[in-house]
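S.K.: Can you read through this structure? Questions will come right after.
The values are calculated or read from the model by the stated rules, or taken from the named source; none is laboratory data. Just so you know, these numbers come straight off a predicted model, no measurement behind them. With ideal geometry, Cβ positions are generated from the backbone for all residues, glycine too; neighbour counts draw on all protein chains shown. Just the protein is used for accessible areas: all its heavy atoms, side chains included, with ligands, DNA and RNA removed. Shrake-Rupley method; radii C 1.70, N 1.55, O 1.52, S 1.80 Å.
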Amino acid sequence: MALIVQKYGGTSVADPDRMRAVAENIAFTKRHGNDVVVVPSAMGKSTDNLIKLANDVSKTQPGREMDMLITTGERISMALLCMALADLGIEAKSFTGSQAGIVTDTAHGKAKIIEVKGDRVREALADGKVCVVAGFQGISTDKEITSLGRGGSDTTAVALAAALNADSCEIYTDVTGVFTADPRIVPQARKLQHVNFDEMLEMAGAGSKVLALRSVEFARNHHVPIHVRSAFTWEHGTWVTSQEPNMEDPIISGVVTDTSEAKVTVVAVPDRPGISAALFEPLAAANVNVDMIVQNTSHDGTTDISFTMPKADFAAAESIVAQVAGEIGAAGVEHDADISKLSLVGAGMKTSPGIAAKMFRTLADEGVNIQMISTSTIRISVVIAVADLERATRSLHTAFGLDSGQAYSAPLPERK
Ligand code: ADP
Ligand code: ASP
Ligand code: MG
């Protein structure tokens, strides 16, 4: 008997019909002799709506209370799914993250899973039940309810799969797999049959939403094979595993887009030792995820420091940066929310020179201005204006030979 963990994203359980369709797939999997653990996300846009509600009510939003609020979306889904399963004659039991023994650190809003106890889930499985565990949440070492950061239900699913030693973890979503680019931006994107963990880590780290970064880290560290597939067509999707790429695989496996970050520039900073530490230490202490950093060499004794971070961290960062800028004698602080990050990812880059040059030439020919650049051994990222993003993404996709002969044909459900 195999143990399969199935995670269903928000669009996949967006309304009562979808909830029942998902229940049918769970029942099908169970009736084929498998043990099943299910991790549902909140229905449709309900997490966004809860955040909006908090914004409408309060400016303060203590982390503990925000997590109490936004973890409710997944609890609604888990209960409704168990009801839909009961209608199909399947015995199912729902568990909150805390009841499932998902223990996290104390960082509200972006808690990291420390341990998955899973005793009650194991007991219910042994009893023949389908277990439905609310995604995106846990209980902290201080016994408070925590959320795992946006997209965190992926991480719940993979962490449970690792702890329960599941045979595979299926991530059901609203596209048919992992593609060479987001099919909503590049209709000619090709579905990848297989992606290895290192490439998927870079794609997720570069901001591809299809899998949350921490879920891929968990999968790689605990050898959990992931199958990303559609909850609308149910066809086979993309396997994410430790399998190394072949020599024949293309050099570039994908173009990744990210519009979730903003850029901050601290202008005319005195160019002396300790300035970067003075700026970035307090940001790190406030748990702000600084991503790309650029500092120009100075000619006149001052320099500009620019960095990007998630827009969601901006409120926490704003006052810190303003204060430090004053203390170090900078001329001012500028913010730009209309930026996007565009990345090329591919394991073949390690051994193929000239990829960056070709990327920059393609963008130059499109008249796209590059504001920042960063690289790893298998990724090149640039920051550009968000207005240029679609054009730039499609031109890189074509230039690196990734276009498929036909446009994406499966339904692309509207995200309600
Ligand atoms: P879910 O709610 O199911 O977790 P997400 O929005 O988190 O769904 O992730 C699925 C979305 O990821 C797709 O609808 C697609 O627009 C986007 N996406 C971004 N990059 C890719 C990619 N390379 N392959 C497939 N989907 C991608
Ligand atoms: N509902 C949460 C979100 O919208 C978690 C998830 O869907 O994975 O971010
Ligand atoms: Mg997701």
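S.K.: Step by step: first the residues of segment 242-270, then only those that are modelled with pLDDT under 95 and crowded, with 16+ Cβ neighbours inside 10 Å, then the one that is nearest to the chain's Cα centre (by Cα). Which residue is that?
M.R.: SER253
S.K.: Determine which single condition VAL210 fails, assuming it passes every other condition in (1) in a loop (DSSP other than H, G, I, E, B); (2) more than 13 Å from ligand 1 (Cβ to nearest atom); (3) not polar (S, T, N, Q).
M.R.: That leaves (2) as the condition not met.
S.K.: Residue by residue through segment 387-397, note down the ones that are in contact (Cβ under 8 Å) with a residue 40 or more places away in the chain and either surrounded by fewer than 16 Cβ atoms within 10 Å (Cβ to Cβ) or not in a helix (DSSP H, G or I) (or both).
M.R.: Within segment 387-397, ALA387, GLU390 meet the criteria.
S.K.: Looking at ILE226, ILE139, which one is within 16 Å of ligand 3 (Cβ to nearest atom), among the aliphatic types (A, V, I, L, M) and closer than 27 Å to ILE70 by Cα?
M.R.: ILE226
S.K.: Can you pull out the residues in segment 170-185 that are away from ligand 3 (no atom under 14 Å from the Cβ) and within 19 Å of THR259 (Cβ to Cβ)?
M.R.: Those that are away from ligand 3 (no atom under 14 Å from the Cβ) and within 19 Å of THR259 (Cβ to Cβ): PHE179, THR180, ALA181, PRO183, ILE185.
S.K.: Hey, could you check segment 75-131 for residues that are among the hydroxyl-bearing types (Ser, Thr, Tyr) and either without any contact (Cβ under 8 Å) to a residue 12 or more places away in the chain or not in a loop (DSSP other than H, G, I, E, B) (or both) and say which is nearest to ASP15 (Cα to Cα)?
M.R.: First, the residues of segment 75-131 that are among the hydroxyl-bearing types (Ser, Thr, Tyr): 77, 94, 96, 98, 104, 106.
Filter once more, keeping what is either without any contact (Cβ under 8 Å) to a residue 12 or more places away in the chain or not in a loop (DSSP other than H, G, I, E, B) (or both): 77, 94, 104.
Details: SER77: 10, SER94: 19, THR104: 30 Å.
Ranking the qualifying residues of segment 75-131, first place goes to SER77.
S.K.: Related question: For segment 143-176, which residues satisfy the criterion of being touching a helix residue (DSSP H, G or I) at 6+ places or on another chain (Cβ under 9 Å) and within 8 Å of ligand 1 (Cβ to nearest atom)?
M.R.: GLY151, SER153, ASP154, ILE171, TYR172, THR173, ASP174
S.K.: Checking ILE370 against (1) part of a loop (DSSP other than H, G, I, E, B); (2) touching an Asp or Glu at 6+ places or on another chain (Cβ under 9 Å); (3) of a type outside the set (Gly, Ala, Ser): exactly one of these is not met. Which one?
M.R.: Every listed condition holds for ILE370 apart from (2).
S.K.: Across segment 360-386, which residue is least open to solvent (accessible area, probe 1.4 Å) among those that are farther than 20 Å from ILE293 by Cβ and not β-branched (Val, Ile, Thr)?
M.R.: LEU363
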